[in-house]
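A.B. asks: Once you've had a glance at the structure underneath, I'll fire off some questions.
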Amino acid sequence: MIRLGFAVRAVGRPELAAGHGRGRPPHLSRALAGLGDMLVYLSQIGAHFYRAALDLAPGDAYAQLAACAPQADALAEQVVAAGLRLGVHLPLGLALGAPDEASAAEALTVVEATAALLERLDGGRPPTSTMVAHLGASPADPLGPARFAARYMALSERARRRLAVEHEGAGPSLGALLALHQRCGVPVVFDALHWEQHNPERLPLALALGLALATWPPGARAEVHLSTHRSEAHLLPGKAGAAPRVLPPRPGQHADFIAAGDLERLLRAARGLAPFDLMLEAKAGDLALLRLRAELARRAPELAATLG
């Protein structure tokens, strides 16, 4: 069964404190409390994959982990009982491939501390939770992949077993990250929208998906991302007497919901491939997941039966 997941915010339950705005993330104790509340809702809607907002600041990450250890252990019991897979998308500014050594050192601290937290939340299970990162180097920087590879290999086994890298719609392509996997063994997250936007290798969908899934080690269940490209414009209300403006969608911008046809195409391409879990990157979060389930059951019940 493919577990469908959504990221951070439950639009259908706005009172659940699941994330944070810009700036310094809240103390880990608050993030874990929000996750505890979210677990109840995930159980109610039958969702078993969730991307949590568990950002840690490098300066006091380990102090927060120590302070919150009992809270995390109690939460782990609920996570295990629910059969939940947790995911974390590391901050976009985190850069294991960066040329700046100070930035890279901070990134290594955050990766290691997040891995320690996820290990705790896995509650003694085999590694289940995943951290997703970007390469953290410009495509024009020829040394970026080598720096990422060296720093990835310097991580603890605990961190390497939970870290995966994602290709980008306007950055390193899937082909570039497959080459990075050959260099250091890091698993690659397949992102369907990014593949559509940036596929210089001209890989067809089934082959691209299969190559990415094959980078995950035996016993590890791959993570795949699905979103629909936003096509509608936004109305930006006017302020201070200014007229409202219509803004066209940005390249690569995620839609509020997922088109059922996009999911059908991915699932048909996945036939015969290794199993994976699917993170829905839609702005409507839980509502997008619930609507997509219902639409697929109506349109393609044989495919809907493969989802959990």
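The values are calculated or read from the model by the stated rules, or taken from the named source; none is laboratory data. Keep in mind that what you see is a predicted model, and the values were worked out from it rather than measured. Cβ atoms come from the backbone with ideal geometry, glycine included; neighbour counts cover every protein chain shown.
A.B. asks: Hey, does segment 58-76 have a residue that's closer than 21 Å to A222 by Cα and surrounded by 19 or more Cβ atoms within 10 Å (Cβ to Cβ)?
C.D. replies: Checked against the condition, which is being closer than 21 Å to A222 by Cα and surrounded by 19 or more Cβ atoms within 10 Å (Cβ to Cβ), segment 58-76 yields no hits at all.
A.B. asks: Among the residues in segment 14-29, are any over 30 Å from H167 (Cβ atoms), assigned to a loop (DSSP other than H, G, I, E, B) and basic (K, R)?
C.D. replies: No, the conditions are met nowhere in segment 14-29.
A.B. asks: If you don't mind, there's one more thing I want to ask. So, of the residues in segment 129-148 that are aliphatic (A, V, I, L, M) and buried (at least 20 other Cβ atoms within 10 Å of the Cβ), which turns out to be farthest from V79 (Cα to Cα)? Break it down stepwise before answering.
C.D. replies: Residues of segment 129-148 aliphatic (A, V, I, L, M): 131-133, 135, 137, 140, 143, 146.
If we keep only those that are buried (at least 20 other Cβ atoms within 10 Å of the Cβ) too, we end up with 131-133, 135, 137.
Values: M131: 17, V132: 19, A133: 23, L135: 29, A137: 34 Å.
The extreme case among them is A137.
A.B. asks: Another question, if that's okay. Please determine, by comparing only the residues of segment 188-234 that are hydroxyl-bearing (S, T, Y) and without any contact (Cβ under 8 Å) to a residue 40 or more places away in the chain, which one is nearest to A284 (Cα to Cα). Outline the logic, then answer.
C.D. replies: Let us first name the residues in segment 188-234 that are hydroxyl-bearing (S, T, Y), namely 215, 227-228, 231.
Then drop every residue that is not without any contact (Cβ under 8 Å) to a residue 40 or more places away in the chain, which leaves 215, 231.
On the way: T215: 30, S231: 15 Å.
Only one residue fits best here, namely S231.
A.B. asks: Condition check: touching an Asp or Glu at 6+ places or on another chain (Cβ under 8 Å), surrounded by fewer than 17 Cβ atoms within 10 Å (Cβ to Cβ), free of Cβ contacts under 8 Å to residues at least 60 places away in the same chain and assigned to a helix (DSSP H, G or I). Does V40 satisfy that? Write out each step before concluding.
C.D. replies: Details: touching an Asp or Glu at 6+ places or on another chain (Cβ under 8 Å): no; surrounded by fewer than 17 Cβ atoms within 10 Å (Cβ to Cβ): yes; free of Cβ contacts under 8 Å to residues at least 60 places away in the same chain: yes; assigned to a helix (DSSP H, G or I): yes.
Considered against the rule, which asks whether it is touching an Asp or Glu at 6+ places or on another chain (Cβ under 8 Å), surrounded by fewer than 17 Cβ atoms within 10 Å (Cβ to Cβ), free of Cβ contacts under 8 Å to residues at least 60 places away in the same chain and assigned to a helix (DSSP H, G or I), V40 comes out as no.
A.B. asks: Specify the residue that is nearest to the chain's Cα centre (by Cα); the eligible residues are those in segment 79-102 that are more than 18 Å from V165 (Cα to Cα) and buried (at least 17 other Cβ atoms within 10 Å of the Cβ).
C.D. replies: Selected residue: L84.
A.B. asks: Here is a further query. Taking A154 as meeting all but one of (1) closer than 18 Å to Q182 by Cα; (2) surrounded by 15 or more Cβ atoms within 10 Å (Cβ to Cβ), write down the number of the exception.
C.D. replies: That leaves (2) as the condition not met.
A.B. asks: Next up: Would you mind finding the one in G83, G34 that is modelled with pLDDT under 95, out of contact with any helix residue (DSSP H, G or I) (no Cβ under 9 Å at 6 or more places or on another chain) and on the phi > 0 side of the Ramachandran plot?
C.D. replies: G83
A.B. asks: Answer with yes or no whether L174 is aliphatic (A, V, I, L, M), within 23 Å of E201 (Cβ to Cβ) and at pLDDT below 90. Steps first, answer last, please.
C.D. replies: Working: aliphatic (A, V, I, L, M): yes; within 23 Å of E201 (Cβ to Cβ): yes; at pLDDT below 90: no.
No: the conditions fail for L174.
A.B. asks: A follow-up question, please. Here is a check on your reading of the model: is L117 buried (at least 16 other Cβ atoms within 10 Å of the Cβ), touching a residue at least 40 places away in the same chain (Cβ under 8 Å) and farther than 21 Å from V188 by Cβ? Full working, then the answer.
C.D. replies: Working: buried (at least 16 other Cβ atoms within 10 Å of the Cβ): yes; touching a residue at least 40 places away in the same chain (Cβ under 8 Å): yes; farther than 21 Å from V188 by Cβ: yes.
Yes.
A.B. asks: Looking only at segment 284-308, count how many residues are free of Cβ contacts under 8 Å to residues at least 60 places away in the same chain and not in a helix (DSSP H, G or I). Spell out how you get there, then give the answer.
C.D. replies: Our first condition is that a residue be free of Cβ contacts under 8 Å to residues at least 60 places away in the same chain; within segment 284-308, this holds for 291, 294-305.
Restricting the remaining residues to those that are not in a helix (DSSP H, G or I) gives 300, 305.
Counting residues in segment 284-308 that are free of Cβ contacts under 8 Å to residues at least 60 places away in the same chain and not in a helix (DSSP H, G or I) gives 2.
A.B. asks: Kindly list the number of the only condition in (1) at pLDDT 95 or above; (2) buried (at least 19 other Cβ atoms within 10 Å of the Cβ); (3) not basic (K, R) that fails for A255.
C.D. replies: For A255, the exception is condition (1).
A.B. asks: Next question, about the same structure. What do you reckon, is E302 loosely packed, with under 14 Cβ neighbours inside 10 Å and charged (D, E, K, R)? Please lay out each step first, then the result.
C.D. replies: Details: loosely packed, with under 14 Cβ neighbours inside 10 Å: yes; charged (D, E, K, R): yes.
Yes: the conditions hold for E302.
A.B. asks: Taking the condition without any contact (Cβ under 8 Å) to a residue 24 or more places away in the chain, of a type outside the set (S, T, Y) and more than 23 Å from S227 (Cβ to Cβ), does G34 pass?
C.D. replies: Details: without any contact (Cβ under 8 Å) to a residue 24 or more places away in the chain: yes; of a type outside the set (S, T, Y): yes; more than 23 Å from S227 (Cβ to Cβ): yes.
The answer is yes for G34.
A.B. asks: How many residues, within segment 103-120, are among the hydroxyl-bearing types (S, T, Y) and either on the phi > 0 side of the Ramachandran plot or under 15 Å from the mean Cα position of the chain (by Cα) (or both)?
C.D. replies: Number of matching residues: 1.
A.B. asks: Among the residues of segment 196-210, write down those that are of a type outside the set (A, V, I, L, M) and surrounded by fewer than 21 Cβ atoms within 10 Å (Cβ to Cβ).
C.D. replies: The first filter runs over segment 196-210 and keeps only residues of a type outside the set (A, V, I, L, M), leaving 196-202, 204, 210.
Scanning segment 196-210 gives E196, Q197, N199, P200, E201, R202, P204, G210.
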